[in-house]
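What follows is a single structure, written as structure tokens, with notes after it.
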């Protein structure tokens with residue numbers, strides 16, 4: 001199944017997730033003479049994960065990133081292209097690829113240690129980002145570290161505002177907040193507020209909102225965000241599913257919630273990105289991936305979008321690393 005109602009340009013980082021593998025302990029009679037750690041490299045980065053998720057679900061995806069020409073860079077580009085992502089809008093960057101060491105908790109929850117000094121993803125300069133209209137893109141998705149880290153974060157934010165001013169491209173953002181990397185949280189909140197107001201869709205986790213609005217109910221925070229400009233704001237609650245908030249011109253607020261399927265979790269790496277890709281895909285299926293489109297959907301159609309996105313995220317959690325499902329993986333599964 002291919003969606004003809006949307007062609008999505010994804011802007012942001014593609015990096016390497018290094019996931020430690022359990023090592024076999026040596027026999028007690030043979031004390032170790034050294035230490036080693038086995039890791040498996042997975043392609044990652046929230047925007048790149050979304051692009052792959054879109055392509056696997058049949059939604060045409062383009063990726064604009066600064067991909068290194070050395071080290072892991074060619075492998076990352078090949079991974080995107082092998083999954084059907086068009087990398088033509090991406091630059092060939094001389095800087096090295098960014099790295100993230102992933103630590104998995106007992107329940108498969110992932111935490112990250114980033115190695116980002118002078119790496120390729122954050123060095124955007126004005127004029128490097130493409131015009132989505134010349135690429136035939138009807139929608140743009142970005143977020144995560146691409147809008148948080150200098151110097152490129154300000155460039156991407158300014159580019160997004162310019163795209164919104166043209167009024168003919170659907171804009172989607174996922175903050176995917178990394179508190180240890182955002183620097184001045186107040187400055188980050190102000191930049192993010194402008195991006196939220198410029199977007200048509202905002203997908204955010206309850207963990208993100210706990211950082212940005214500590215002590216506030218996440219759905220209440222989403223209601224506030226929805227009143228600032230977006231057509232819909234979707235909050236993910238991990239195993240507890242997702243909530244959608246929509247505010248109309250009269251100030252009336254609609255809130256929907258859909259639970260998530262129960263699965264055996266391997267890890268949660270990339271689950272939120274699989275959710276975003278599936279949400280965008282389902283909006284395209286409902287011919288809503290254009291400015292004003294989400295305002296025309298009824299509650300049943302919005303609920304369908306949430307259920308499909310929850311299902312994709314749940315399937316992703318049954319796999320190691322960022323490995324979003326294809327449409328064939330979801331066929332016949334109960335949402």
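The values are calculated or read from the model by the stated rules, or taken from the named source; none is laboratory data. Everything quoted here is computed from the prediction, not taken from an experiment. Neighbour counts are summed over all protein chains in view; Cβ atoms, including those assigned to glycine, are modelled from backbone coordinates with ideal geometry.
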One residue is enough: does region 17-36 have a residue meeting the conditions assigned to a strand (DSSP E or B), under 27 Å from residue 172 (Cα atoms) and modelled with pLDDT under 95? yes
What is the residue count in region 184-229 for residues that are farther than 23 Å from residue 270 by Cβ, outside any helix (DSSP H, G or I) and either free of Cβ contacts under 8 Å to residues at least 12 places away in the same chain or in contact with a helix residue (DSSP H, G or I) (Cβ under 8 Å, 6 or more places away or on another chain) (or both)? 9
Condition first: surrounded by 18 or more Cβ atoms within 10 Å (Cβ to Cβ), within 27 Å of residue 284 (Cα to Cα) and at pLDDT 95 or above. Can you find one or more residues in region 88-96 that meet it? yes
Look at region 164-207 and say how many of its residues are in contact with a strand residue (DSSP E or B) (Cβ under 9 Å, 6 or more places away or on another chain) and closer than 22 Å to residue 289 by Cβ. 19
Answer residue from region 104-126, given it is assigned to a loop (DSSP other than H, G, I, E, B) and at pLDDT below 90 and is farthest from residue 6 (Cα to Cα) among those: 106
Output yes when any residue across region 156-176 is under 17 Å from the mean Cα position of the chain (by Cα), modelled with pLDDT of 90 or more and over 27 Å from residue 63 (Cα atoms), and no when none is. no
For region 248-296, which positions are under 30 Å from residue 41 (Cβ atoms), in contact with a helix residue (DSSP H, G or I) (Cβ under 7 Å, 6 or more places away or on another chain) and surrounded by fewer than 21 Cβ atoms within 10 Å (Cβ to Cβ)? 261, 263, 265, 266, 268
Taking region 61-103, which residues are over 26 Å from residue 126 (Cβ atoms) and assigned to a strand (DSSP E or B)? 99, 100, 101, 102, 103
Note: among 136, 84, 127, 73, just one is over 17 Å from the mean Cα position of the chain (by Cα) and closer than 24 Å to residue 313 by Cα, namely 84
Taking region 79-104 and keeping only residues that are at positive phi and out of contact with any helix residue (DSSP H, G or I) (no Cβ under 9 Å at 6 or more places or on another chain), one is left with none
Out of all the residues in region 154-168, is one or more in contact (Cβ under 8 Å) with a residue 24 or more places away in the chain, surrounded by fewer than 20 Cβ atoms within 10 Å (Cβ to Cβ) and not in a helix (DSSP H, G or I)? yes
Working only within region 227-242, note down all residues that are in contact with a strand residue (DSSP E or B) (Cβ under 7 Å, 6 or more places away or on another chain) and at pLDDT below 95. 227
Give, as residue ranges, the helices (runs of 4 or more DSSP H) completely inside region 254-335 that count at least 1 residues that are in contact with a strand residue (DSSP E or B) (Cβ under 7 Å, 6 or more places away or on another chain) and at pLDDT 95 or above. 271-285, 299-317
Applying the selection to region 87-119, what residues are over 17 Å from the mean Cα position of the chain (by Cα) and without any contact (Cβ under 8 Å) to a residue 24 or more places away in the chain? 105, 106, 113, 115, 117, 118
